[in-house]
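Input: a single structure, listed below in structure tokens.
The values are calculated or read from the model by the stated rules, or taken from the named source; none is laboratory data. Because the structure is a prediction, the values reported are computed rather than measured. Heads up, the Cβs are rebuilt from the backbone with ideal geometry, glycines too, and the neighbour counts pull from every protein chain shown.
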Amino acid sequence: MTLALKSTAFGTGEFIPRKYTCDGSDISPPLEWSDAPEDTRSFALIVDDPDAPGGTWVHWVLYNIPGNASSLAENSAPDPKLADGSMNGRNSWGKLGYGGPCPPGGTHRYFFRLYALDTVLNLSSGASKEQLLSAMKGHILAQAELMGKYKR
């Protein structure tokens, strides 16, 4: 079994619908995953754009998603801590929660990476991608990826 990540809004390599971008409602897309390792205690999600002109642009950092979860509903709240205990980190705009694709030009790729972890991280809300990656070191049981594209 391998951790698998998908969305009902778009498939791997497909274009992300406008609704989930800065040109639309700018809400997070629904995500579903399966085949997590049995000893998963929490999940973490990083969404970024490696095609941004100034280097990788981080669109979403979310961690301490409960280990028994298998999905994220559309339009995840930008609150520091969600009802299920998940914590939002800071994106490249300096805000908590999801910020949708908003490329200045050309077609960009957006990588949704989900990590199954053997622990619940000791991070308060507002952590950066780098802080999350550092905290996850040695705790990643499995990883899944979903890539969508967007062009304005």
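Below is a table of values for the structure above.
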| item | result |
| --- | --- |
| Residue match in the range 88-103 (condition: surrounded by fewer than 19 Cβ atoms within 10 Å (Cβ to Cβ) and closer than 23 Å to G11 by Cα) | yes |
| Candidates A127, A135, filtered to the one that is closer than 16 Å to H59 by Cα, at pLDDT 95 or above and buried (at least 16 other Cβ atoms within 10 Å of the Cβ) | A127 |
| Leading residue by the ranking (nearest to L114 (Cα to Cα)) among those in the range 1-60 that are part of a strand (DSSP E or B) and among the aromatic types (F, W, Y) | F43 |
| Matching residues, the range 89-103, being assigned to a loop (DSSP other than H, G, I, E, B) and either over 11 Å from D49 (Cβ atoms) or of a type in the set (G, A, S) (or both) | G89, S92, W93, G94, K95, G97, Y98, G99, G100 |
